[in-house]
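Read the structure below first, then the notes.
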Amino acid sequence: MIRPSLPPPWSLVPLRLPRILFALIGLVGALLARATEIPLPLDSGIVNVRDYGAKGDGVTDDTEAIRKAISDNIDKNRYRASPMIYFPKGTYLVSGPIESRLQTPRVALNQEWSAGWRAMMVLLGESREGTIIKLKDNAPGYNDPAKPRWLIGTGSEGDRRDNQAGGGNRAFRHGVLNMTVDVGRGNPGAIGIDFIANNRGAINGVTIKAPPGSGHTGVGLTRWWPGPAIVMNVRIDGFARGIAVDHYQYGMTFENIQMINQREIGVANTHNVLAMRNVHFIGTVPFYQSRSGHGMLSLLDSKIVGTGTGNLAAISSGGMLNLHRVSVSGYGMVVDDTRRANEDLPANPSGTTFVARHDQGTVISASGAKPEWLDLPIEEIPAVPYPARADQWTDGGTTAESLQAAIDSGAEYIFIRPLKAIELERPIILRGRTRLVMGLNGHLKAPPGVRAVRVEDGEAPVVILHHMYLDGGVEHVSNRTFALIHGDLGSDGVLATGSGKTHIVDVIGRGYDIGPRHSFWARQLNSEFGTPPLFTNSGTSWILGFKMETSPTGSPDAPLSTPSLLNRAGRTEIIGGLLYTLGTGAGAAPRVPAFTTTSGRIAVSYRTNGRPETRYPIIHRRGTLEQGEDFPSSRVQGEGAALLTN
């Protein structure tokens, strides 16, 4: 769907129809919670927990069976093609943590590398409503809110053997997908999912719930260092805190989130960059609080409803804010600005406050013109329904020839087993009737200079690749819609020359080049390192959550460091960006601009990170990468801009 035209820059609209608003939120909740069935063939390379003795009968304690399924497989083809852990429909009763971790005696003795933590644990349920991981009621170790403990926990790899907490920045490609997580009764110290993922990782299509009085945090993101990763299509029901985020790095993206019945706070954010869209919150407590000047929230197309909250602020923030098309009702104040500026945003006392646009922080134009958002049209992530039966999938085989033959056979749904790599000599051509290629953490590897995938015209108007690692990137020459969801692109990114559309969701990659006829949308785009611009646009590009990381000046791969964006023409809008500059000392600071505009328009909200002396001295250049009219970062007050335009 394309978002309709916008109201004036910000307005107070006394709707006086809270029942309608509740009905709308209820409808969205029903859509989020609807069952998604993903039946998969038994020979698809997944690891079925039933094969390890898990019963899923709601009575048997399945803790050890699930742990063994993870421990026996999480080291296989790590980082590229680790097999998914699959949960057929059933209620899996557990009595302790389920973790991305080896189960060996050496772990407790601090003798196992990385304390047993491993990357790329993906838990996949057959059914969102029918696959339930449930903590036993009154489970030992979960009764003290002062000592919270997770039900599901992902962790980072690291070289220390005593990192029992699992924090770090090598928690690559974790996922919890398509299931319900229930922390049970009498467990006030339980965290539903304590999630750390880096560069990409996702909680997608999950209901996380706690009965009244139970549950500490629905989604915990407080260990060092969360993100970049995405939380999407998630309902959080109950808990003292819905979402809790800490640390300066590396940014989190949220979309299609429903939150209800939190007891203390909806979202607590200390320092991180949060890019959120389509959030629907109903509660008796504040929606968002961040007392730190480092915390940043970009909130779009959302509804915040308070009940009995007339003396509270919906949002309290000492950092940067972007509120775009947000309706707030039931609160005494929309925004309590806790900065020295104290620029509070009042609520309409007689109805719903509709905030068309509100930007808290530096708002500035590099050209001196009036800074304005571009308000680009936002298209929802395309969806293709999964087949109803496991036998409706077509096996893509283990070679480039077998995969191409499956596509050309007219198959609509294809799966790829998680192997070390399918070696390519030429691109895999997406054409014909194929609608969905489920990678299951599969890996396609093209030689240097060859694209892994080429999207051509075909009968299916939409084609989606899911959970795939593509060494060689994608060339999109068609008029169709293409999406890569939870994947890797390597250094070749997406070359989009056709008149079609591209959607990128939770992807690692660099070297994007969007042509003048193309439309591009991204959620959680992680791009790092090298000399060429991480993202080049000549068309229309909209990005929610963009973490950009540089090579330090003087690096072999980038003697002058890494430019983040080159806008040759067209329009680029980035909401919730993180500019992360590596290195130590002023000599590591980039000698290229962060953003360069040759022609066209840009609008960016971002925060900087890394050592202060290593940050971009030039935040924007009008001209080319080599020369032009420079706008220094010193003109931007604070650690970033709530809005920077050219």
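Within segment 40-63, the set of residues being open to solvent by 10 Å² or more (accessible area, probe 1.4 Å) and either within 24 Å of A197 (Cα to Cα) or β-branched (V, I, T) (or both) comprises G45, I46, V47, N48, V59, T60. Is it true that some residue in segment 249-256 is in contact with a Lys or Arg (Cβ under 8 Å, 6 or more places away or on another chain), more than 30 Å from P382 (Cα to Cα) and of a type in the set (V, I, T)? Within segment 249-256 (the criterion being in contact with a Lys or Arg (Cβ under 8 Å, 6 or more places away or on another chain), more than 30 Å from P382 (Cα to Cα) and of a type in the set (V, I, T)), the answer is no, since none of the residues qualifies. Number of residues in segment 151-175 that are over 15 Å from T217 (Cβ atoms) and either open to solvent by 10 Å² or more (accessible area, probe 1.4 Å) or under 16 Å from the mean Cα position of the chain (by Cα) (or both): the value is 15.
Restricting attention to segment 99-110 and to residues that are in contact with a Ser or Thr (Cβ under 9 Å, 6 or more places away or on another chain) and either part of a loop (DSSP other than H, G, I, E, B) or aromatic (F, W, Y) (or both), the residue that is least open to solvent (accessible area, probe 1.4 Å) turns out to be S100. Identify, please: which residue in segment 257-273 is of a type outside the set (A, V, I, L, M, F, W, C) and surrounded by fewer than 22 Cβ atoms within 10 Å (Cβ to Cβ) and is, among those, farthest from S316 (Cα to Cα)? Here the answer is N261. Screening segment 454-484 for residues that are of a type in the set (D, E, K, R) and touching a residue at least 40 places away in the same chain (Cβ under 8 Å) and picking the one that is farthest from T502 (Cα to Cα) gives D471.
Checking A405, A421 one by one, the residue that is out of contact with any helix residue (DSSP H, G or I) (no Cβ under 7 Å at 6 or more places or on another chain), modelled with pLDDT under 95 and within 24 Å of H476 (Cα to Cα) is A421 and no other. Annotation: of all residues in segment 606-622 being more than 24 Å from W542 (Cβ to Cβ) and over 22 Å from the mean Cα position of the chain (by Cα), the one that is least open to solvent (accessible area, probe 1.4 Å) is T614.
Residues in segment 217-233 that are of a type in the set (V, I, T), within 14 Å of L177 (Cα to Cα) and either open to solvent by 10 Å² or more (accessible area, probe 1.4 Å) or assigned to a loop (DSSP other than H, G, I, E, B) (or both): none. Put simply, of Y92, Y142 the only residue that is farther than 15 Å from A190 by Cα and either open to solvent by less than 10 Å² (accessible area, probe 1.4 Å) or in a helix (DSSP H, G or I) (or both) is Y92. In a helix (DSSP H, G or I), open to solvent by 50 Å² or more (accessible area, probe 1.4 Å) and without any contact (Cβ under 8 Å) to a residue 40 or more places away in the chain: does that describe R67? Here the answer is no, as R67 does not meet what is asked. In segment 339-439, counting only strands (runs of 3 or more DSSP E) that sit wholly within it, the ones holding 3 or more residues that are open to solvent by 20 Å² or more (accessible area, probe 1.4 Å) span 353-360, 428-432.
Inspect all residues belonging to segment 461-468 and state whether any of them is within 30 Å of T608 (Cβ to Cβ), part of a strand (DSSP E or B) and hydrophobic (A, V, I, L, M, F, W, C). Among the residues of segment 461-468, not one is within 30 Å of T608 (Cβ to Cβ), part of a strand (DSSP E or B) and hydrophobic (A, V, I, L, M, F, W, C), which makes the answer no. The residue pairs whose first member lies in segment 565-581 and is acidic (D, E), whose second member is not in a loop (DSSP other than H, G, I, E, B), and whose beta carbons are closer than 8 Å, counting only pairs six or more residues apart or on different chains, are E573/S541; E573/W542; E573/I543; E573/I602; E573/A603; E573/V604.
May I ask you to verify whether A641 is surrounded by 22 or more Cβ atoms within 10 Å (Cβ to Cβ) and touching a helix residue (DSSP H, G or I) at 6+ places or on another chain (Cβ under 7 Å)? So A641 does not fit the description; no. Taking segment 618-628 as the range and being more than 16 Å from M548 (Cβ to Cβ) and either without any contact (Cβ under 8 Å) to a residue 60 or more places away in the chain or not basic (K, R) (or both) as the test, the residues that pass are G623, T624, E626, Q627, G628. Taken over segment 574-605, the residue count meeting the criterion of being open to solvent by less than 10 Å² (accessible area, probe 1.4 Å) and either under 15 Å from W542 (Cβ atoms) or modelled with pLDDT under 95 (or both) is 8. Inside segment 505-514, residues that are closer than 20 Å to P382 by Cβ and either open to solvent by 10 Å² or more (accessible area, probe 1.4 Å) or out of contact with any strand residue (DSSP E or B) (no Cβ under 7 Å at 6 or more places or on another chain) (or both) make up a count of 0. Among residues of segment 547-577 being part of a strand (DSSP E or B) and of a type in the set (K, R), the one that is farthest from P377 (Cα to Cα) is K547. Within segment 479-496, the set of residues being of a type in the set (D, E) and open to solvent by 10 Å² or more (accessible area, probe 1.4 Å) comprises just one member, D492. Can you find a residue that is modelled with pLDDT of 95 or more, open to solvent by 10 Å² or more (accessible area, probe 1.4 Å) and over 18 Å from R200 (Cα atoms) anywhere in segment 462-472? Scanning segment 462-472 turns up at least one residue that is modelled with pLDDT of 95 or more, open to solvent by 10 Å² or more (accessible area, probe 1.4 Å) and over 18 Å from R200 (Cα atoms). Considering N178, N204, the condition of being modelled with pLDDT of 95 or more, more than 18 Å from E157 (Cβ to Cβ) and either of a type in the set (K, R) or surrounded by fewer than 24 Cβ atoms within 10 Å (Cβ to Cβ) (or both) is satisfied by N204 alone. Answer yes or no as to whether A603 is assigned to a strand (DSSP E or B) and of a type in the set (A, V, I, L, M). In short, yes.
The values are calculated or read from the model by the stated rules, or taken from the named source; none is laboratory data. Not measured: the values here are computed from a predicted model. Please note: Cβ atoms are built from the backbone with ideal geometry, for glycine as well, and neighbour counts cover all protein chains shown. Please note that ligands, DNA and RNA were not included when accessible areas were found on the heavy atoms of the full protein model with its side chains. Shrake-Rupley method; radii C 1.70, N 1.55, O 1.52, S 1.80 Å.
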